[in-house]
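Presented below is the structure to which this report refers.
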Amino acid sequence: MVSSTGSHTWELKLTVEGVENEFPLQVTGDLHVGGLMLKLVEKIKIAQDWSDYAFWWEQKKCWLLKTHWTLDKYGVQADAKLIFTTQHKMLRLRLPNMKTVRLKVSFSSMVFRAVSDICKMLNIRRSEELSLLKQSEGTLKKKKKKDKNSKEPATEDVLNLCNSPVNSGLPANPGLYSKTMTPLYDPVSGSPASSTITWFSDGSSNEQNCSILALSHPTCSPEVLAEMYQPRTLADKAKLNAGWLDSSRSLMEQGVQEEDQLLLRFKYYTFFDLNPKYDAVRINQIYEQARWAIMLEEIDCTEEEMLIFAALQAQYHVSKLSLSSETQDPTCEPEVDEVEAALSNLEVTLEGGSKSNILEDITDIPKLADNLKLVRPKKLALKAIKTYWFVFRDTSISYFKNKESAQGEPVEKLNLKGCEVVPDVNVAAKKFGIKLLIPVADGMNEVYLRCDNEDQYARWMAACVLASKGRTMADSSYQPEVQKILSFLQMKNWTMCSQAASEPENVDMKPECFVSPRYTKKFKSKQLTARILEAHQNVSQMSLVEAKLRFIQAWQSLPEFGLSYYIVRFKGSKKDDVLGVSYNRLIRIDMATGDPITTWRFSNMKQWNVNWEIRQVAIEFDQNVSIAFTCLSADCKIIHEYIGGYIFLSTRSKDHNETLDEELFHKLTGGQE
């Protein structure tokens with residue numbers, strides 16, 4: 001008899017994980033879930049710890065976690081298939097460094113909470129920057145073709161972390177997340193302190209486990225690299241971001257099964273409060289994610305930049321070898337200071353995220369004034385290049401025929417707020433260009449500026465970058481930005497070393513392991529070795545951690561850094577476009593040419609929502625600008641969560657303790673479906 005009201009009894013058949021028989025129980029609709037658990041455990045008559053068990057409703061794909069709710073309130077009737085199963089199950093995670101760990105994870109908690117627990121097990125602070133990704137079918141095709149002849153990874157490649165404190169139901173060590181914590185890692189080498197090693201698990205392999213996460217290991221061969229998915233187009237890059245899990249739902253609700261493999265990745269490119277003393281695992285995994293993105297050409301870079309990335313990898317490799325053969329002096333403070341200085345330039349902040357010095361803000365805003373070349377693209381591929389007197393004030397550039405006419409009306413005034421700033425630099429060729437894409441009513445207005453030298457370029461480029469975010473040169477981040485640009489240019493500015501050029505065979509280096517396949521095909525091995533060693537001269541004195549930090553910094557300097565791509569159809573448009581989602585803006589990109597069409601900054605956003613019936617994202621900006629689009633390459637919830645997630649991360653502050661406002665995150669990202 002099927003009934004769900006009053007005191008009528010009816011039969012409910014329950015399944016218990018790991019037990020063959022079904023268990024029929026006589027229940028009433030007003031029985032609460034906790035009471036149902038009690039009746040079932042009494043009927044099973046097996047003495048064991050049932051505390052991790054809960055009911056999973058198979059048809060509705062949901063957990064019955066509110067034990068005080070009645071069966072009526074949940075809508076459970078006699079035909080419901082309820083499975084009494086463990087909430088924590090084994091999961092395999094592929095980390096950014098391509099190593100796989102196996103650990104016990106909550107399949108009933110929201111993914112946001114599950115990721116937080118995972119990061120505590122792995123000793124990664126700021127878990128809100130990461131999430132879980134299902135590898136999409138499109139990114140597996142190339143690998144599957146080659147799988148017939150290749151062997152499955154050996155079981156020893158999987159690092160088992162199933163005995164860590166979080167897994168055993170114990171609270172995470174509060175010392176890992178307190179402001180007064182003692183250093184867990186050597187800030188020069190990144191090697192773990194002895195107290196940290198005990199954190200990972202019991203047994204003799206602790207140090208090795210810790211090392212796999214915190215230290216980078218030899219790079220893979222070109223053959224292995226060739227088998228991995230390498231995006232060729234923007235549409236290919238969109239496939240990389242299609243599989244992000246919904247942070248507001250559990251793993252089980254999203255079809256993840258026990259022993260499945262997911263990718264753990266940095267989803268949000270705002271790396272907050274990096275500190276080598278506590279963040280060796282986090283820094284290493286960011287470095288590895290950056291390294292693989294460059295090696296697999298998920299992000300574009302020039303030949304000059306590729307050689308810098310190769311040189312920094314080589315330096316890390318060389319430093320690690322020298323460290324393993326020498327006894328390190330833990331009192332070596334000068335290098336630590338250098339690392340701390342490098343860190344000050346590393347953080348990416350959202351608009352309003354940096355704290356400007358009040359004294360700077362009330363003084364006159366600085367201005368720049370220089371002779372620069374203006375390059376305007378013309379039809380038939382011709383360019384008009386002319387020198388003007390440029391004045392940079394507030395967030396605008398004005399240019400005049402010459403210095404003498406600067407008191408009058410400018411030839412043109414360019415407002416850079418909300419514009420795209422793209423470097424166009426070739427240090428070897430003495431080319432220091434700044435490409436500005438300035439939003440106008442019908443798209444983007446392209447303007448190219450040419451500087452005479454590195455110093456001039458660094459000052460103007462830094463001013464343009466800040467102005468695009470609505471900040472002026474009075475902002476406290478202006479000078480660090482100038483120094484960051486100069487530092488990056490210095491790494492590019494190498495001169496040929498005769499010894500390095502003439503004796504590349506004396507160096508134990510496989511250059512093919514440090515560059516993407518495109519450059520392996522372009523150069524012979526000896527040529528590549530010579531060029532990497534040439535670039536290596538400027539980074540040869542760096543410590544292990546500083547080499548990684550500089551690598552991350554150089555990655556952040558690339559024009560495409562932090563962009564996640566999706567194929568969308570804008571309302572009213574007859575063709576598909578690509579939408580780039582970044583930490584501070586959305587960019588509409590022409591799918592055929594890759595050119596930006598329009599940019600919208602989060603700082604100008606008033607509200608965003610989703611029409612769940614037609615799966616359309618609608619966003620309103622200042623000055624009555626509104627856009628709407630449907631997402632074709634992924635669920636629209638993913639883009640909605642990306643936007644809300646970046647807004648959430650912009651609220652973080654070093655002044656606050658490190659407990660996250662989880663409710664605010666779900667309010668900004670969850671949507672009302």
State which residue is modelled with the highest pLDDT when the search covers only region 126-148 and only residues that are assigned to a loop (DSSP other than H, G, I, E, B) and surrounded by fewer than 20 Cβ atoms within 10 Å (Cβ to Cβ).
Lys134
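With the requirement that a residue be of a type in the set (S, T, N, Q) and touching a Pro at 6+ places or on another chain (Cβ under 8 Å), what does region 283-315 give you? So that I can check it myself, show each step before the final result.
So the first thing to find is which residues in region 283-315 are of a type in the set (S, T, N, Q), and the list is 284-285, 289, 302, 313, 315.
Of everything in region 283-315, those that are of a type in the set (S, T, N, Q) and touching a Pro at 6+ places or on another chain (Cβ under 8 Å) turn out to be Gln285, Gln289.
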Quick test of your reading of the structure: Ala628 fulfils all but one of (1) without any contact (Cβ under 8 Å) to a residue 60 or more places away in the chain; (2) assigned to a loop (DSSP other than H, G, I, E, B). Name the failing condition by number.
(2)
State yes or no: is Ile587 over 25 Å from the mean Cα position of the chain (by Cα), on the phi < 0 side of the Ramachandran plot and not assigned by the TED database to the domain that holds Pro439?
no
So Leu312 ticks every box in (1) at pLDDT 90 or above; (2) over 14 Å from Leu544 (Cα atoms) but one. Which box is left unticked?
(2)
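Could you look through region 216-242, keep only residues that are in contact with a Ser or Thr (Cβ under 7 Å, 6 or more places away or on another chain) and surrounded by fewer than 20 Cβ atoms within 10 Å (Cβ to Cβ), and pick out the one that is nearest to Leu668 (Cα to Cα)?
Only one residue fits best here, namely Tyr229.
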Since Ile638 meets every condition but one in (1) surrounded by 16 or more Cβ atoms within 10 Å (Cβ to Cβ); (2) part of a strand (DSSP E or B), which condition does it not meet?
(2)
Within region 523-570, take every residue that is among the basic types (Lys, Arg) and touching a residue at least 12 places away in the same chain (Cβ under 8 Å) and give me the one that is surrounded by the most Cβ atoms within 10 Å (Cβ to Cβ).
Lys548
Out of all the residues in region 471-507, which are open to solvent by less than 20 Å² (accessible area, probe 1.4 Å), more than 26 Å from Lys417 (Cα to Cα) and modelled with pLDDT of 80 or more?
Met491
List every residue pair whose Cβ atoms sit under 9 Å apart, with the two residues 6 or more apart in sequence or on different chains, where the first one lies in region 465-487 and is closer than 17 Å to Asp424 by Cα and the second, anywhere, is open to solvent by 30 Å² or more (accessible area, probe 1.4 Å) and among the hydroxyl-bearing types (Ser, Thr, Tyr).
Lys484/Ser557; Ile485/Ser557
Restricted to region 255-276 and to residues being touching a strand residue (DSSP E or B) at 6+ places or on another chain (Cβ under 6 Å) and in a loop (DSSP other than H, G, I, E, B), the residue surrounded by the fewest Cβ atoms within 10 Å (Cβ to Cβ) is Glu259
The lone condition Ile614 fails out of (1) open to solvent by 30 Å² or more (accessible area, probe 1.4 Å); (2) of a type in the set (A, V, I, L, M); (3) within 19 Å of Ala238 (Cβ to Cβ) is (3)
Please go through region 571-611 and pick out each residue that is assigned to a loop (DSSP other than H, G, I, E, B) and either among the acidic types (Asp, Glu) or in contact (Cβ under 8 Å) with a residue 12 or more places away in the chain (or both).
Lys571, Lys575, Asp576, Ser582, Tyr583, Asn584, Asp590, Met591, Gly594, Asp595
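Please go through region 232-254 and pick out each residue that is in a loop (DSSP other than H, G, I, E, B) and under 18 Å from Arg94 (Cβ atoms). It would help to see each step written out before you state the result.
Here is the first cut: in region 232-254, the residues in a loop (DSSP other than H, G, I, E, B) are 232-233, 240-243, 245-249, 251.
Answer for region 232-254, where residues must be in a loop (DSSP other than H, G, I, E, B) and under 18 Å from Arg94 (Cβ atoms): Leu240, Asn241, Ala242, Gly243, Leu245, Leu251.
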Could you grab the pairs with beta carbons closer than 7 Å, sequence gap of 6+ or different chains, first residue in region 247-260 and in contact (Cβ under 8 Å) with a residue 40 or more places away in the chain, second one in a loop (DSSP other than H, G, I, E, B) and of a type in the set (Gly, Ala, Ser)?
Ser248/Gly670; Ser250/Ser108; Ser250/Ser109; Met252/Ser108
Within region 274-282, does at least one residue satisfy the condition of being of a type in the set (A, V, I, L, M, F, W, C), out of contact with any Cys (no Cβ under 9 Å at 6 or more places or on another chain) and at pLDDT 95 or above?
no
Taking into account only those residues within region 421-451 that are free of Cβ contacts under 8 Å to residues at least 40 places away in the same chain and of a type in the set (Asp, Glu), which is most open to solvent (accessible area, probe 1.4 Å)?
Asp442
Qualifying positions in region 285-321 - among the acidic types (Asp, Glu) and within 21 Å of the chain's Cα centre (by Cα):
Glu288, Glu297, Glu298, Asp300, Glu305
If I filter region 298-310 for residues that are surrounded by 24 or more Cβ atoms within 10 Å (Cβ to Cβ) and under 19 Å from Lys120 (Cβ atoms), do I get at least one hit?
no
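The values are calculated or read from the model by the stated rules, or taken from the named source; none is laboratory data. Just so you know, these numbers come straight off a predicted model, no measurement behind them. Note that we place each Cβ from the backbone using ideal geometry, even for glycine, and neighbour counts take in every protein chain shown. When the accessible area is computed, the model is the full protein with side chains, heavy atoms only, and any ligands, DNA or RNA have been set aside. Shrake-Rupley method; radii C 1.70, N 1.55, O 1.52, S 1.80 Å.
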